[in-house]
Amino acid sequence: MKTGQQTNQQSAEDAINSLRLLRAGAAPRRILVTGGAGFLGSHLCEKLLNQGHQVLCADNFTTGRHRNVAHLRGRPHFKVIRHDVTVPLAADVDEIYNLACPASPPHYQADPVQTMKTSVLGALNLLELAKARKAKIFQASTSEIYGDPHVHPQPESYWGNVNPVGPRSCYDEGKRCAETMFFDFHQQFGVEIKVARIFNTYGPNMRPDDGRVVSNFIVQALSGDDITIYGDGSQTRSFCFVDDLIDGFLRLMASPPSFTGPVNLGNPAEFTVRELAEQVISLTGSPSRIVHLPLPIDDPRQRRPDISIAKRELGWLPKIPLSSGLEQTITYFDRLLTSEARKLAETA
Ligand code: NAD
Ligand code: UDP
């Protein structure tokens, strides 16, 4: 809970940040962040507010949480609305970041039709808004565009290997269709687009029940539960810490209009899932043991971004190694689980 004094101080800081922007010759912008109460969206909203912009966060709160943006409420340049992007939205904005879509396999597979609608209708509605307002629009696309890749590491020029009718298709094909729509609106109507292909990202503000591998392993390790490796754990992923990724978003949005992407954003350091489990056990000092569960259908064998384009066009390079990103994420989950346990004990 914020005190009146804290809110006044924050308002003054926001006003100073806006003035700083003006002095630097850049006007504060009105920015819509869809999916702004989710893991990535909440970090982005905070960063944009700290830069002096006005932020409208639109979320249907399916996987997003009020607690992710609770500390931003009360800031005069921040507004949250409950809105589903499958429905058109009228808003006076200069920029749009479209992040709305569940990203974790168990969550996006729970309601595949809604996932597909979110990607496709959401993209269409927000592109129409961008076109009407002459706003610049960012799309949170994904490494899932590459499916189970035959080319390794994956450059943006690779067209991918995606099953159109499997359990991951609602997400993979929905995001592929959204990318197509972004480029068609750009070519046909001149809408300024920025398309980022995001690789596995982790950090604070993930849900304990998110279901993705980093949050699962940390929550299991902190709770002393079995660590669930799907398959033999030899499949690989490349894990990017959230702060690095958000820096990439901002650089992409600030790039010249001629640079549309798609551009890979991710950390090229590649680990097996077993190596990740071992690092989490070692960093938490957990007594948890590793157990093996069946590998989900169509689980990609390997994934690692080729980030040459991001380096060249955006001067972007992730800086935070897995061990220090994991430490920060472990601290976040440790506090979260402790406070949730305390609340449960108080209400029991
Ligand atoms: P998340 O599930 O934490 O956040 C998604 C947010 O979108 C949530 O707040 C959710 O409530 C909201 N949302 C879902 N459907 C909506 C709808 N129809 N209308 C309005 N809001 C809706 O996931 P995240 O990890 O923060 O991912 C954000 C975006 O980045 C997603 O589009 C995801 O596909 C993309 N992405 C993320 C990663 C990653 O590793 N985190 C990787 C690739 C792509
Ligand atoms: N995974 C795992 N145990 C878990 C959750 C996931 O072994 O508890 C594996 C999963 O099968 C996949 C990898 O970790 O091979 C990454 O899974 P995640 O759901 O985080 O992301 P995605 O598969 O979409 O890259």
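The values are calculated or read from the model by the stated rules, or taken from the named source; none is laboratory data. The shown structure was predicted, so the numbers you read here are calculated from the model rather than taken from an experiment. Don't worry about glycine lacking a Cβ; one is built from the backbone with ideal geometry, like all the others, and counts go over all protein chains shown. When the accessible area is computed, the model is the full protein with side chains, heavy atoms only, and any ligands, DNA or RNA have been set aside. Shrake-Rupley method; radii C 1.70, N 1.55, O 1.52, S 1.80 Å.
Where the convex hull is taken over the Cα atoms of the chain, what is its projected area averaged over directions, in nm²? Walk me through the numbers on the way to the answer.
On the way: hull surface 72.4 nm².
Projected over every direction and averaged, the Cα hull of the chain covers 18.1 nm².
Give, rounded to the nearest 20 debye, the magnitude of the charge dipole that the stretch 63-220 has about its Cα centre when Lys and Arg contribute +1 at Cβ and Asp and Glu contribute -1 at Cβ. Don't jump to the answer; show the numbers that get you there.
Values: 18 positive and 16 negative charges, 127 e Å.
The dipole of the stretch 63-220 has a size of about 620 debye.
Roughly speaking, what is the centre-to-centre gap between the stretch 11-75 and the stretch 233-288 when only Cα atoms are used, to the nearest Å?
23
List the residues of the stretch 198-216 whose backbone N lies under 20 Å from a point placed 7 Å from the Cα of Asp334 along the Cα-to-Cβ direction.
Only 202-209, 214-216 pass the distance filter.
Need one number: nm distance between label points at Arg312 and Phe183, each 7 Å from Cα along Cα→Cβ, rounded to one decimal.
1.7
Extension gain Leu19-Ser323, at 0.36 nm per residue separation less the Cα-Cα distance, in nm? Mind showing how you got there, number by number?
On the way: separation 304, 0.36 × 304 = 109.44 nm, distance 3.76 nm.
The Leu19-Ser323 span can extend by a further 105.7 nm.
Kindly report, to the nearest 10 Å², the accessible surface of Val162 as traced by a 1.4 Å probe over protein heavy atoms only.
Roll a 1.4 Å probe over it and Val162 shows about 30 Å².
Report the full-extension gain for the segment Asp92 to Ala27: residue separation times 0.36 nm, less the Cα-Cα distance, to one decimal in nm. Before the final figure, lay out each step's value.
Values: separation 65, 0.36 × 65 = 23.40 nm, distance 1.54 nm.
Fully extending the segment from Asp92 to Ala27 adds 21.9 nm.
What are the ³J(HN,Hα) couplings of the stretch 166-182, residue after residue, when phi is run through the Karplus curve with 6.51, -1.76, 1.60 and θ = phi - 60°? Round to Hz, x for glycine and proline.
The phi angles translate into x, x, 8, 5, 4, 7, 4, 6, x, 5, 5, 4, 4, 4, 4, 5, 4 Hz.
Provide the per-residue ³J(HN,Hα) series for the stretch 275-280, in order, calculated from phi with Karplus coefficients 6.51, -1.76, 1.60 and θ = phi - 60°, each as a whole number of Hz, with x at glycine and proline positions.
4, 4, 4, 5, 5, 5
Under the rule of at least 5 residues apart or a separate chain, name every residue whose amide H is placed under 5 Å from the amide H of Tyr230.
Leu293
Nearest 500 deg cm²/dmol is fine: what mean residue ellipticity at 222 nm does the chain get from its DSSP H runs of n ≥ 4 alone, each adding -39,500 (n - 2.57), divided by its residue count? Present the calculation step by step, with values, prior to reporting the outcome.
Values: 11 runs with 153 residues, N = 348.
Counting only the DSSP helices, I get -14000 deg cm²/dmol.
Treating only the Cβ atoms of Lys and Arg (+1) and Asp and Glu (-1) as charged, compute the dipole magnitude of the stretch 1-98 about its Cα centre; round to the nearest 20 debye. Could you put the intermediate results ahead of the total?
Values: 12 positive and 8 negative charges, 55 e Å.
Roughly 260 debye for the stretch 1-98.
Could you put Leu293, Leu276 in order of accessible surface area, largest first, with the 1.4 Å probe and the full protein assembly present?
On the way: Leu293 75, Leu276 0 Å².
Heavy-atom accessible area, descending, gives Leu293, Leu276.
Would you mind calculating the gained length between Gln9 and Ala348 on full extension (0.36 nm times residue separation, minus the Cα-Cα distance), in nm to one decimal? Mind dumping the intermediate values first?
Working: separation 339, 0.36 × 339 = 122.04 nm, distance 3.69 nm.
Extending this stretch completely gives an extra 118.3 nm.
Would you work out the charge dipole size for the chain about its Cα centre, treating the Cβ of every Lys and Arg as +1 and the Cβ of every Asp and Glu as -1, and quote it to the nearest 20 debye? Please report the intermediate quantities before stating the final value.
Working: 37 positive and 37 negative charges, 210 e Å.
Its charge dipole is roughly 1020 debye.
For the full complex of protein chains and a 1.4 angstrom probe, list His43, His66 by accessible area with the highest value first.
Numbers: His43 35, His66 90 Å².
So the residues, ranked largest to smallest area, are His66, His43.
Under a crude label model (7 Å from the Cα following the beta-carbon direction), how far is His292 from His71 in nanometres?
According to this spin-label approximation, the distance is 4.1 nm.
Just grab the label-to-label distance for His150 and Arg82, each label 7 Å out from Cα along the Cβ direction, in nm (one decimal).
4.7
Can you run phi through the Karplus equation (6.51, -1.76, 1.60; θ = phi - 60°) for the stretch 205-221 and list ³J(HN,Hα) in whole Hz, with x for Gly and Pro?
For the stretch 205-221, the Karplus-derived couplings read 6, 6, 6, x, 9, 4, x, 7, 5, 5, 5, 4, 5, 5, 5, 5, 5 Hz, x marking Gly and Pro.
Of Ile281, Gly233, Asn50, whose Cα points farthest to the positive end of the dipole of the chain (charges on the beta-carbon: +1 Lys, Arg; -1 Asp, Glu; origin at the Cα centre)?
With unit charges placed on the Cβ atoms, the residue in question is Asn50.
Please tell me which of these pairs span more than 22 angstrom C-alpha to C-alpha: Lys79/Lys311; Lys47/Lys117; Lys194/Lys311; Lys79/Lys117; Lys79/Lys175; Lys175/Lys311? The partial results should precede the final answer.
Details: Lys79/Lys311 34 Å; Lys47/Lys117 28 Å; Lys194/Lys311 16 Å; Lys79/Lys117 25 Å; Lys79/Lys175 27 Å; Lys175/Lys311 24 Å.
Going by Cα-Cα distance, Lys79/Lys311; Lys47/Lys117; Lys79/Lys117; Lys79/Lys175; Lys175/Lys311 fall outside the 22 Å limit.
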